[in-house]
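This report refers to the structure that appears directly beneath it.
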Amino acid sequence: MLELQNGTVVFLPGTVNERVALNNVSFTLKDGDFVTVIGSNGAGKSTLLNAVSGAYPLTSGRVLLDGKDITRLPEHKRARYIGRLFQDPLKGTAPNMTIEENLGLAYGRGRRRGLSAGVKKADRELFRELLKDLDLGLEDRMKTKVGLLSGGQRQALTLLMATIVTPSLLLLDEHTAALDPKTSRQIMSLTDRIVKEHEITTLMVTHNIQNALEYGNKTLVLSQGRLILTLEGSERDHMTVEALMRLYSANAADALSDRMIL
Amino acid sequence: MSLIILTDGLRLGLIYAIMALGIFISFRILNIPDLTVDGSFTLGMAVFAVFAMDGRPFLGLLLAPLAGLAAGCVTGLLLTKLKVQPILAGILTMTGLYSINLLVMKESPNISLFNSGTVFSLAETILPGFLKPYVNFLFPALVLAALTLLLLLFLRTQLGMSLRATGDNEAMVRASSISADRMKILGLALANALVSFSGAMMAQYQEFADISFGIGMVVVGLASIIIGEAFLGRRSIVCNVLAAILGSVLYQIVISLVFSTGLNTLFMKLLSAVILTVALAVPLVKDAVKKGKSGRAAVKRGEPNDA
Ligand SMILES: Nc1ncnc2c1ncn2[C@@H]1O[C@H](COP(=O)(O)OP(=O)(O)OP(=O)(O)O)[C@@H](O)[C@H]1O
Ligand SMILES: [Mg+2]
């Protein structure tokens, strides 16, 4: 369970460039919730995820994960419980290390890193099975450096790495936006499958309204740092892209950007 | 004559290769240009020399890397906790070490070990008779082989992989619940432990320690690594580590050859700077030549040149 209480992030406070990127946002994700987040450019979606993951500190407010206050925990300690994917497929993997080494590192998440083998024999079998499930042929290239893979392959691998030790929370920040439409669809359905299979509590930022309504069970709409709408239940089930656009303009000062309309 | 030069270069190369392994950790694995090296090399020499003078060279060989470890930690802490720029962090430690090294050497700028028992002479006593003449070569070779093996094994452990990933993609490391800061400190500590150990071996081999011996060592180490990579490439970790060793040996052989012509040794540091500059320039020039050629070929074929 994730709880954000009055989350506020102010960049460059006290300067002319002061910017309230997240303004008093509160919400709760119950266990197993798959929540999508939309909003125009600069609405604070990435800031929201960064504040939850610990990449940026909250200026005020609290973050609770499974009832524990993690507001002051540094990023790498929160990472024990939080899996994460970025928009940039290059960000999630170590390019000069092999596929199995990357998986080996991810598989050690939350444990102390000692002098045991980085990739154990038994692990290797597990990795092969998991890679086979991705259906990208990566199971035969486990000794290949990740830097040689395509963006889509790297993002699929990152997804596997983020979930190989089932996290309490999965954060996805436009993780298919940098991929071509076909690969993007593949990664999206892979995400949905993995999230459902392990019942992972997930917060997914997307610029694709269709995806935001199609996947998950709840949608948050951000505008200029504020949470202006929360869609769930039957209201969300009957929501269309057009209706959501109208609802947005009625509630927000700005317009959803063009790249949102899909 | 030239055989002696070759074996001399080989021996020096084996000892400097230990330093190159250290610089490989900071420079290539962590991607941090660590200038602590100049100071920690001398630190190793100094620590070894004072213990060797006391008739305890083996203790000196043991403590020298520990001193280097501490020096590396200081640079690591400056870098991570005080967010000092990597180059500056190294310079700070190196500068501070100058005083510390002098202090360790009891305020004398050089220490001669000519009359002290050496590790080589002690090692010689345990070698079987027919190997005795080769002790100056065998001892460093065995030490280097052992360290190389340990380093390669370490780099395949969870901890070693975390270290490698830190230089490769820090964001990913933090996302995997690893403290990147701790990895940088660990890496710099290990790197400088090796550098100091190399310094200790050098003091033993040359039978003296000198306060300014370490000046420019980082350049020697980097040049060695780059030269080795020119021959072996950067395909795998094993390849990279072997490249550092091969490069070190080649570098020292070249240096020995050059100075065997009677060139004044005052040119030593200038030569090392020139060698590194050339080593850095060669790949660029090669690239440019390749591009020029393919560009010209493309023009001949009537294709647009997008270079
Ligand atoms: N590190 C930072 N320093 C200063 N300002 C920042 C920083 N990061 C984000 N901002 C500002 O905060 C606001 C919210 O940015 P954020 O990246 O969260 O938007 P977003 O909703 O993710 O937008 P996009 O759809 O473009 O990814 C923007 O105005 C941005 O300029
Ligand atoms: Mg964003």
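FYI, it's all coordinate maths here, none of it is from the lab. This structure is a prediction, so every number in the text was calculated from the model and none was measured. Cβ coordinates were reconstructed from backbone atoms using ideal geometry, including for glycine residues, and neighbour counts include every protein chain displayed.
So how many residues does the stretch A:82-115 have that are β-branched (Val, Ile, Thr) and surrounded by fewer than 24 Cβ atoms within 10 Å (Cβ to Cβ)? Walk me through how you get there before you give the answer.
Taking the stretch A:82-115 as the starting set, the residues that turn out to be β-branched (Val, Ile, Thr) are A:82, A:93, A:98-99.
Okay, now just the ones that are also surrounded by fewer than 24 Cβ atoms within 10 Å (Cβ to Cβ), so A:98.
Here the count works out to 1.
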Q: Check B:Leu147, B:Leu155, B:Leu92, B:Leu151 and return the single one that is within 14 Å of chain A (Cβ to nearest Cβ), hydrophobic (A, V, I, L, M, F, W, C) and within 19 Å of B:Gly68 (Cα to Cα).
A: B:Leu151
Q: Would you confirm whether any residue within the stretch A:236-248 is at positive phi and surrounded by fewer than 17 Cβ atoms within 10 Å (Cβ to Cβ)?
A: no
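Conditions tested, residue by residue: (1) within 14 Å of chain A (Cβ to nearest Cβ); (2) within 12 Å of B:Thr42 (Cα to Cα); (3) surrounded by fewer than 23 Cβ atoms within 10 Å (Cβ to Cβ).
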site	(1), (2), (3)
B:Thr166	yes, no, no
B:Met172	yes, no, no
B:Ala175	yes, no, no
B:Lys184	yes, no, no
B:Leu188	no, no, no
B:Ala191	no, no, no
B:Phe197	no, yes, no
B:Met202	no, yes, no
B:Gln206	no, no, yes
Q: Please find, among A:Thr36, A:Thr59, A:Thr71, the residue that is of a type in the set (Ser, Thr, Tyr) and without any contact (Cβ under 8 Å) to a residue 24 or more places away in the chain.
A: A:Thr71
Q) Looking only at helices (runs of 4 or more DSSP H) that fall completely inside the stretch A:156-262, which ones have 2 or more residues that are within 16 Å of ligand 1 (Cβ to nearest atom) and closer than 24 Å to A:Gly32 by Cα? A) A:209-214
(Q) So A:Phe86 ticks every box in (1) facing another protein chain (nearest Cβ under 8 Å); (2) over 30 Å from A:Ala253 (Cα atoms) but one. Which box is left unticked? (A) (2)
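In the set A:Thr36, A:Thr59, A:Thr8, which member is closer than 22 Å to A:Leu256 by Cβ and among the β-branched types (Val, Ile, Thr)?
Values: A:Thr59 fails: closer than 22 Å to A:Leu256 by Cβ; A:Thr8 fails: closer than 22 Å to A:Leu256 by Cβ.
None of the others qualify; the one that does is A:Thr36.
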Q: Give the stretch A:125-147 a look and list any residue that's surrounded by fewer than 22 Cβ atoms within 10 Å (Cβ to Cβ) and within 13 Å of chain B (Cβ to nearest Cβ), or say none.
A: A:Lys143, A:Thr144, A:Lys145, A:Gly147
Q | Residue count, the stretch B:139-155 (criterion: farther than 22 Å from B:Asn192 by Cβ and surrounded by 18 or more Cβ atoms within 10 Å (Cβ to Cβ)) | A | 1
Q. Can you pull out the residues in the stretch A:148-183 that are within 16 Å of ligand 2 (Cβ to nearest atom) and away from chain B (no Cβ under 14 Å)?
A. A:Glu174, A:Thr176, A:Ala177, A:Ala178, A:Leu179
